[in-house]
Amino acid sequence: MTPEPEDEEGPNEDNTSEIYNTVTSEVHHFSKEEDLDTERGAVLSRFDFVWPDQLKVPAAGQETSVSAPVPDSDGDLQVTRKKDLGTREGCVLIEHQNATTLDLVGEQVWRGAIFLADFLLNHPHILTDTHILELASGVGLTSIVAAMIAKKVTVTDVDRGDILHLIHRNIKRNPELIKADVEVKEIDFYNHTTIDDLADRMKDVTVILVADVIYHNQLTDAFFSTVLRLMSDPPEKTMYVAMEKRYVFTLEDMDSVAPCYEYFLQKLDWLCCQNLSRVDWTVEQNSTNFKHYFTYERTKHLVLWKIKAKLK
């Protein structure tokens, strides 16, 4: 997440006392947008992508090859521009906010969501004939892409602000893309009765998706508590977590550091020590060098983790 206006690396996520400060995402720079509701500040954006060769395109078009992103002289991965995409193009229409208070950042679109959606388009076999659960879905972009391939998708977030209604509206905006049975439900990391309420729906979930959910340590604790609960119950599940490392300069370190990401890594270690009588954990960091289907800048700070729980 990116504070407005000067620091493009993201807010000081550890400073929860500033939870009501306004933050804004850079992602809208990679979309076409128009004002939707000037009173609420909502916009409607078009996020362009290329259909992978292995997926059926709703409207036939000329096929094009999409190469893996190439680093520039500074080590940053070069953005794929729309003019380079050819004619096998699609788009996801997303209503969102360009700026919110920190507690409502789910109403914005973040780079990690597009990055994770890109990963899914590169690996559709992960989703085929499966029931997908997305946690902290925000505006629902990643779930909409998952619903292009999966059998069922359960889209979840905390019932705060307009987020759940926003997800519903975005699903309705993309009927030509969605092939899955999609439901929007609440999961609150701080209230596990919301998981209990979904017990029947969750019985066949095998893949969990998460994008850019970490921005302060208390939330990270609650997130991992939720993950432990979900992945310790059958059926066996694999989770993919995409995020952008957020760097801040601290006087203590006299350097730019990513404290929330470092804490995330500590909690990964913690998770691997839990419920060992019932679960064998496998954790690995995935390569980010996959094809660029969406139009966005894939920075070197994006990471993708795979967590698998094998039940004993």
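The values are calculated or read from the model by the stated rules, or taken from the named source; none is laboratory data. What you see is a predicted model; the values in this text were computed from it and never measured. Quick reminder, even Gly has a Cβ in these numbers, built from the backbone with ideal geometry, and neighbours come from all protein chains shown. For the accessible areas, the whole protein counts, side chains as well, though only heavy atoms, and no ligand, DNA or RNA atoms are used. Shrake-Rupley method; radii C 1.70, N 1.55, O 1.52, S 1.80 Å.
Listed by position, the helices (runs of 4 or more DSSP H) contained in region 141-225 that have at least 1 residues being open to solvent by 50 Å² or more (accessible area, probe 1.4 Å) and under 20 Å from His96 (Cα atoms) are 163-173. Within region 135-152, not a single residue is without any contact (Cβ under 8 Å) to a residue 24 or more places away in the chain and over 28 Å from Asn217 (Cα atoms).
Provide a single number: the residues in region 226-235 that are farther than 14 Å from Thr156 by Cβ, open to solvent by less than 50 Å² (accessible area, probe 1.4 Å) and either in contact with a helix residue (DSSP H, G or I) (Cβ under 7 Å, 6 or more places away or on another chain) or assigned to a loop (DSSP other than H, G, I, E, B) (or both).
3
Checking region 270-278 against the condition returns a match, with at least one residue being open to solvent by less than 50 Å² (accessible area, probe 1.4 Å), at pLDDT 95 or above, aliphatic (A, V, I, L, M) and over 30 Å from Arg88 (Cα atoms). Checked against the criteria, Asp269 does not count as without any contact (Cβ under 8 Å) to a residue 40 or more places away in the chain and either polar (S, T, N, Q) or in contact with a strand residue (DSSP E or B) (Cβ under 7 Å, 6 or more places away or on another chain) (or both).
Before we move on, is Asp204 under 29 Å from Thr130 (Cα atoms) and at pLDDT 95 or above? Can you show your working first?
Details: under 29 Å from Thr130 (Cα atoms): yes; at pLDDT 95 or above: yes.
The answer is yes for Asp204.
Look through region 83-110, keep the residues that are outside any helix (DSSP H, G or I), charged (D, E, K, R) and open to solvent by 10 Å² or more (accessible area, probe 1.4 Å), and return whichever of them is modelled with the highest pLDDT. Spell out how you get there, then give the answer.
So in region 83-110, the residues outside any helix (DSSP H, G or I) come out as 85-101, 108-110.
So of that shortlist, the ones also charged (D, E, K, R) come out as 88-89, 95.
If we keep only those that are open to solvent by 10 Å² or more (accessible area, probe 1.4 Å) as well, we get 88-89.
On the way: Arg88: 75, Glu89: 86.
Of everything passing the filter in region 83-110, Glu89 is modelled with the highest pLDDT.
Within region 279-312, the residues that satisfy the criterion of being open to solvent by 70 Å² or more (accessible area, probe 1.4 Å) and in contact with a Pro (Cβ under 9 Å, 6 or more places away or on another chain) are Asn289, Lys291, Lys300.
No other residue among Thr194, Thr206 is farther than 24 Å from Val57 by Cα, among the polar types (S, T, N, Q) and in contact with a His (Cβ under 8 Å, 6 or more places away or on another chain) apart from Thr206.
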